[in-house]
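The values are calculated or read from the model by the stated rules, or taken from the named source; none is laboratory data. What you are looking at is a predicted structure, and each value in this text was computed from that prediction instead of being measured. Accessible surface areas use protein heavy atoms only, side chains included; no ligands, DNA or RNA. Shrake-Rupley method; radii C 1.70, N 1.55, O 1.52, S 1.80 Å.
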Amino acid sequence: MERFKDLLCSDRVMLYAIMINTVLMFFGGFWPDSLWFEAADAVFTLLFLLEAWAKISRMGWQAYWAENWNRFDFIVLIIALPSLASPVLEQTYATNAILALRSMRLFKSFKMLRFIPNIHKLLAGIRLATRASLLVFIAFIVLLIIFSILSSTIFGDIAPEYFGNPAISVYSIFRLFTVEGWYEFADTIAQNGSTGWGFFARVYFSILMFLGGIIGLSLINSIFVDAMAEDNNDEVLEKLRRLEEKIDQLTKDQK
């Protein structure tokens, strides 16, 4: 029993199981109603359930729950657990939704991140960069909402497929900010409206694309990358400071 628990608590063994399960989920999509896929899926669900049991029995509930990766695994497992009942349920929209929950187990693949060298420093840098760019990101969202409402008011009747209401308009303006088919909006308005509307739309969306797509997103990216690089620079500067102190100490000792 202890040997079995050792295997279940081994990160490397469970990583192999996660990789095999991911491959199974991919190929199982071609034969979703096959018995072998249902059986293999149930086996992996039970395997991950046994993994949680083994870790809790070894570590205790409080120590188990104190680790972030264990909390992540447990939440994903609880969400995917109802899929075990799918073979005995009648095929309905509700059962299809339950079956979709088993795909949540694929998120366990994120555990592979813990094997990346210096992953903790990388995650710390991402958190620092996120805090540094938060205000700029909020300003970008506000800009997106303002121009979405304005565009819906101006072009809602001419191009309802893009600006029929503020919700549709938000998606369209976000597409424009990502420079994804931004010219389609102006071309559609030019076809549905007069020559004056077409000219105004081309000028309007060109300005928006420049402000949001070129300046806005570039500003967010630059602040994010600069904050991550600054975290690495601080470490380098600290090492240089310690090296200078050692050199000064050696110089004093020689004197």
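What is the stretch 134-188 by shape, rounded, prolate or oblate, if you read a ≥ b ≥ c off the alpha carbon gyration tensor as root eigenvalues and call it rounded for a/c under 1.5, prolate for a/b larger than b/c, and oblate otherwise?
Numbers: a/c = 2.83, a/b = 1.55, b/c = 1.83.
Taking the square roots of the gyration eigenvalues as a ≥ b ≥ c, the stretch 134-188 is oblate.
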>> So if I take the centroid of the Cα atoms in the stretch 137-163 and the same for the stretch 187-214, what is the distance between those two points in Å?
In response: 13 Å
>> I'd like to check one number: the per residue accessible area of the stretch 22-83, probe 1.4 Å, reported in Å² as a whole number.
In response: 57 Å²
> Can you give the accessible area of Ile146 in Å² (nearest 10), computed on protein heavy atoms with a 1.4 Å probe?
Replying inline: 90 Å²
> With every protein chain present, what accessible area does Met1 have (1.4 Å probe, heavy atoms only), rounded to the nearest 10 Å²?
Replying inline: 140 Å²
> When the accessible area of the stretch 1-69 is computed with all protein chains present and a 1.4 Å probe, what percentage of it is carbon and sulfur?
Replying inline: 71 percent
